[in-house]
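The values are calculated or read from the model by the stated rules, or taken from the named source; none is laboratory data. Keep in mind the model is a prediction, meaning the values are calculated, not measured. Virtual Cβ from ideal backbone geometry, glycine too; neighbours counted across all protein chains shown. What goes into the accessible areas is simple: the full protein's heavy atoms, side chains included, and nothing from ligands, DNA or RNA. Shrake-Rupley method; radii C 1.70, N 1.55, O 1.52, S 1.80 Å.
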Amino acid sequence: MKLYMFPITRMRRLRSSKFRPLVRETGLDVKDLICPVFVDETITEPREISSMPGYFNIPPEMVADEARCISDLGIPALILFGVPREKDETGTHAYGEDDVIQNAVRAIRNENDDVVVITDLCLCEYTSHGHCGMVNHDTQEILNDPTLEILGKTAVSHARAGADIVAPSGMMDGMIQAIRNALDENGFINTPIMSYAAKYSSVFYGPFREAAKSGFSFGDRSSYQMDPGNSNEALREVELDIEEGADIIMIKPAVPYLDIIYRVKKRFKMPTAAYHVSGEYSMIKAAAANGWLDEKRAIMESLISIKRAGADMILTYFAKDVAKELGK
Ligand code: PBG
């Protein structure tokens, strides 16, 4: 007696290990990866970030070698974050000619023309209060417009040092316009902007703040970063940044926001990046350290899901591990 009423559609036919590669819809390639690098002026030896096991802040003297190692693995780009020796109220060490990022970019550029150097463009690593903009301490407000000019100045200082792409991450309104104008006025018409366009106010940035020593002295970032409950708002943010001149747009974090990546890519068809953030790294590391998850497979599955959702490139702390794995 037959147990079924219709002929069976045999989806399993193509799932054999022999056919799988032929019918795989989404691939992960080393060329999709962007590797974050933390350059720290306060250290002389690499310092492991305790909430990011296996990830290190490196001293300025080591940054050129690190860039070489990244490009030798076939990773096309890195993104630089700076930890300055001194922080102050208005983040003046974000844009000095002889400050941490500017020196790091020059050190890489002096001996490596291939790797794409992206600079994170924000003030929170440079301000003593840890916020991404100027602050009115009486009202505890993060001031939008006074911050724009500083961001423009900082972008120009990065480009002057040799940065290939600037990546503003401070979620100030109008920042893309301000930065585009500043770059153009200074002759950097060909420096693209990768905008952290839809950046959520996320708990998953916690470990990064240890690395960048950018924990804030009061409040949180919810007055400028997005509410995790919103997705139509992400489309508006992205649309505005495109109108203002962004060349690449980014969604951040990645795995908890796959729906946003999907909607944004579908609607705007722009070069789209996703930031697999520090907390996403730490979760996998912690579970793997406990023997609860297979680390390699957890990494690969997370990154493939980000690609499947529509991202063209992924900023991830696993970039070097993945490059090694894919190169095998
Ligand atoms: C700076 C910035 C942050 C991250 C990237 N750029 C921190 C923040 O907004 O608090 C987070 C990256 C990560 O968690 O991996 N504004």
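What are the residue pairs meeting all of these: first residue in region 299-328, first residue under 15 Å from Val277 (Cα atoms), second residue among the acidic types (Asp, Glu) and surrounded by 21 or more Cβ atoms within 10 Å (Cβ to Cβ), Cβ atoms under 6 Å, and 6 or more apart or on different chains?
If the second residue must be among the acidic types (Asp, Glu) and surrounded by 21 or more Cβ atoms within 10 Å (Cβ to Cβ), the pairs left are Met313/Asp32; Ile314/Asp32.
Can you tell me which residue in region 118-157 is nearest to the chain's Cα centre (by Cα), limited to those that are away from the ligand (no atom under 14 Å from the Cβ) and closer than 16 Å to Phe81 by Cβ?
Going through the qualifying residues, I end up with Ala155.
So for region 216-232 (the condition being open to solvent by less than 70 Å² (accessible area, probe 1.4 Å), of a type in the set (Phe, Trp, Tyr) and modelled with pLDDT of 95 or more), does at least one residue qualify?
Checked against the condition, which is being open to solvent by less than 70 Å² (accessible area, probe 1.4 Å), of a type in the set (Phe, Trp, Tyr) and modelled with pLDDT of 95 or more, region 216-232 yields no hits at all.
Consider region 273-294. How many of its residues are surrounded by fewer than 15 Cβ atoms within 10 Å (Cβ to Cβ), away from the ligand (no atom under 16 Å from the Cβ) and either among the small types (Gly, Ala, Ser) or in a helix (DSSP H, G or I) (or both)?
Going through region 273-294 one residue at a time, the tally reaches 3.
All but one of (1) within 19 Å of Phe56 (Cβ to Cβ); (2) of a type outside the set (Lys, Arg); (3) under 18 Å from the mean Cα position of the chain (by Cα); (4) part of a helix (DSSP H, G or I) hold for Ile108; which doesn't?
Here Ile108 clears every test but (3).
Is at least one residue of region 225-235 closer than 22 Å to Ala155 by Cβ and of a type in the set (Gly, Ala, Ser)?
No, because not a single residue in region 225-235 is closer than 22 Å to Ala155 by Cβ and of a type in the set (Gly, Ala, Ser).
What's the total number of residues in region 121-139 that are part of a loop (DSSP other than H, G, I, E, B), hydroxyl-bearing (Ser, Thr, Tyr) and buried (at least 23 other Cβ atoms within 10 Å of the Cβ)?
Residues that pass the stated criteria total 1.
Let's see how each residue does on (1) small (Gly, Ala, Ser); (2) more than 15 Å from the ligand (Cβ to nearest atom); (3) more than 21 Å from the chain's Cα centre (by Cα):
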site	(1), (2), (3)
Tyr4	no, yes, yes
Ser16	yes, yes, yes
Val39	no, no, no
Ala64	yes, yes, no
Lys87	no, no, yes
Gly91	yes, no, no
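Condition first: surrounded by 15 or more Cβ atoms within 10 Å (Cβ to Cβ), at pLDDT below 95 and touching a strand residue (DSSP E or B) at 6+ places or on another chain (Cβ under 9 Å). Can you find one or more residues in region 195-206 that meet it?
No, the conditions are met nowhere in region 195-206.
Looking only at region 40-57, count how many residues are open to solvent by less than 50 Å² (accessible area, probe 1.4 Å), closer than 16 Å to Ser278 by Cα and not hydroxyl-bearing (Ser, Thr, Tyr).
So the count comes out to 4.
With a cut-off of at least 1 residues that are touching an Asp or Glu at 6+ places or on another chain (Cβ under 8 Å) and touching a residue at least 12 places away in the same chain (Cβ under 8 Å), name the strands (runs of 3 or more DSSP E) lying wholly within region 140-222.
Qualifying strands (runs of 3 or more DSSP E): 165-168, 194-199.
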